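Taking it in order: structure first as structure tokens, then the write-up.
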Amino acid sequence: MYGKKVKLRILFLSSVILISVLTIFLILKSLEENVVYFKSPTEIKSITELDDKKIRVGGVVKEGSILTSSKKINFIITDYKNEINVSFIGAVPNLFAEGKGVVAEGFLKDRNFLTAEKILAKHDENYMPPEVKKALEDN
Amino acid sequence: MFSFIDSSKIFSITSKAPKYVFFIFIIVLFIGLIEALVLSPKDYIQSHSVRIMYVHVPSAWISVGIFSIIGILSFGSIIFKNKNFSIISKSLAPSGLVFNIIALVTGSIWGKPTWGTWWAWDSRITSMAILCLFYLIYVLAWRIIEDKNRANQVTSLIAILGLINIPIIKFSVEWWSTLHQPSSIKLLEDSTIHSSMLIPLILMTAAFALFSLLIFLMKYNTEMIKIKNKGLDRL
């Protein structure tokens with residue numbers, strides 16, 4: 001149906017694609033540690049060796065865990081399996097709240113405690129007007 | 001193969017189409033902007049900054065969509081040596097690039113008040129930045145390489161390689177933990193975005209798609225005229 005040249009070009013392109021996909025897959029696989037933006041408290045618990053590198057921990061701010069003193073703010077990040085305590089000095093983003101997603105960047109003191117240098121609020125995929133949210137809560 | 005794509009017949013349509021497309025674009029954009037800026041409600045948590053999404057999300061969709069089309073057409077362009085495919089791809093690229101930049105910039109503007117940072121090297125944002133680089137190289141290659149056939153081959157290969165990035169962009173929020181939120185609109189599940197916010201989103205997407213179509217038609221007609229008047233090709 002097609003000429004020999006067309007077949008050759010199809011073969012050439014498919015091998016280019018195959019090799020590049022494989023290469024990229026392997027690169028991403030080996031870099032997985034760095035491709036993920038943050039680790040969950042459960043993943044932190046399973047770290048065998050603690051080092052001095054900066055790390056990001058993400059999860060949900062545990063309900064009722066935020067403690068603010070004059071400058072310092074303490075809270076707990078949970079993934080509903082494990083928890084990690086975070087302390088932070090500075091201003092938190094507007095969306096930072098209990099029960100909402102958060103990413104804390106800083107240094108691990110031990111497997112249960114993180115001294116954060118930066119707090120980022122995570123927004124989830126839910127968008128709705130305030131009235132709808134209220135109606136949902138009332139139910 | 002593809003003999004039904006007769007360029008002179010196509011040109012007779014594409015040369016008349018822009019004014020109609022422009023007319024529809026203005027109407028859809030007008031309704032879309034009123035929906036997005038006035039009629040749609042504010043969000044329960046991020047308040048009025050949700051309105052940035054009505055520019056950000058459609059731009060991202062359009063830029064990813066256009067690159068997918070360019071990539072697929074590039075296959076046809078290399079395998080079947082179809083000249084029309086490469087002209088279509090070449091004419092599509094500029095609006096894709098512009099919408100990619102708009103998506104990155106509006107995302108950044110939204111990220112500062114919501115996340116607390118302008119930029120994060122998470123996989124969604126990084127892969128979109130890589131797409132932007134692919135667009136840049138693609139557009140530049142068409143400009144820099146003087147030999148026509150060579151330019152066609154090089155740009156097609158760039159687009160085909162860039163095509164691998166498209167599923168990475170799409171699934172980055174599912175494969176890896178990211179700061180960027182996962183998709184609100186999924187094919188098989190209910191969308192997690194309220195219908196009053198979905199309407200402006202769809203309208204703005206339609207408006208941006210029409211704008212891309214308009215720019216594409218103008219670029220395409222220019223390319224056609226260049227081919228007809230050989231020598232006008234390079235200034």
| query | If we scan segment A:66-83, do we find a residue that is small (Gly, Ala, Ser) and facing chain B (nearest Cβ under 9 Å)? | reply | no
| Number of positions in segment B:16-39 that are within 14 Å of another protein chain (Cβ to nearest Cβ), under 26 Å from residue B:169 (Cβ atoms) and surrounded by fewer than 21 Cβ atoms within 10 Å (Cβ to Cβ) | 0
| field | Residues within segment B:105-153 that are more than 19 Å from the chain's Cα centre (by Cα), within 14 Å of chain A (Cβ to nearest Cβ) and either at positive phi or not β-branched (Val, Ile, Thr) (or both), tallied | value | 15
| If you check residue A:127 against the conditions, is it of a type outside the set (Val, Ile, Thr), touching a strand residue (DSSP E or B) at 6+ places or on another chain (Cβ under 8 Å), buried (at least 17 other Cβ atoms within 10 Å of the Cβ) and free of Cβ contacts under 8 Å to residues at least 24 places away in the same chain? | yes
| said: With under 19 Å from residue B:118 (Cβ atoms), out of contact with any strand residue (DSSP E or B) (no Cβ under 7 Å at 6 or more places or on another chain) and not polar (S, T, N, Q) as the only criterion, which of A:91, A:135, A:104, A:116 stands out? | reply: A:91
| said: Conditions first: (1) in contact (Cβ under 8 Å) with a residue 40 or more places away in the chain; (2) at positive phi. Residue B:47 passes all but one, so which condition is the exception? | reply: (1)
| field | Residue that is farthest from the other protein chains (Cβ to nearest Cβ) [pool: residues in segment A:8-58 that are under 15 Å from residue A:103 (Cβ atoms), outside any helix (DSSP H, G or I) and among the β-branched types (Val, Ile, Thr)] | value | A:55
| request: Tell me which of these residue A:120 doesn't satisfy, since it passes every other one: (1) closer than 21 Å to residue B:108 by Cβ; (2) touching a helix residue (DSSP H, G or I) at 6+ places or on another chain (Cβ under 8 Å). | output: (2)
| said: Can you tell me how many residues within segment A:22-60 are exposed (fewer than 14 other Cβ atoms within 10 Å of the Cβ), more than 16 Å from the chain's Cα centre (by Cα) and modelled with pLDDT of 85 or more? | reply: 7
| request: Could you list, in sequence order, all residues of segment A:114-139 that are hydrophobic (A, V, I, L, M, F, W, C) and either at pLDDT below 85 or in a strand (DSSP E or B) (or both)? | output: A:114, A:116, A:119, A:120, A:121, A:132, A:135, A:136
| message | Between B:87, B:78, B:102, B:69, which is in contact with a Ser or Thr (Cβ under 9 Å, 6 or more places away or on another chain), more than 13 Å from chain A (Cβ to nearest Cβ), modelled with pLDDT under 95 and in a helix (DSSP H, G or I)? | response | B:87
| request: Restrict the check to segment B:42-65 and report whether at least one residue is in a helix (DSSP H, G or I) and out of contact with any helix residue (DSSP H, G or I) (no Cβ under 9 Å at 6 or more places or on another chain). | output: yes
| request: Output the number of the condition that residue A:111 fails; it satisfies all remaining conditions of (1) within 8 Å of chain B (Cβ to nearest Cβ); (2) at pLDDT below 90. | output: (1)
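The values are calculated or read from the model by the stated rules, or taken from the named source; none is laboratory data. Because the structure is a prediction, the values reported are computed rather than measured. As a convention, Cβ positions derive from the backbone with ideal geometry for all residues, glycine included, and neighbour counts pool all protein chains shown.
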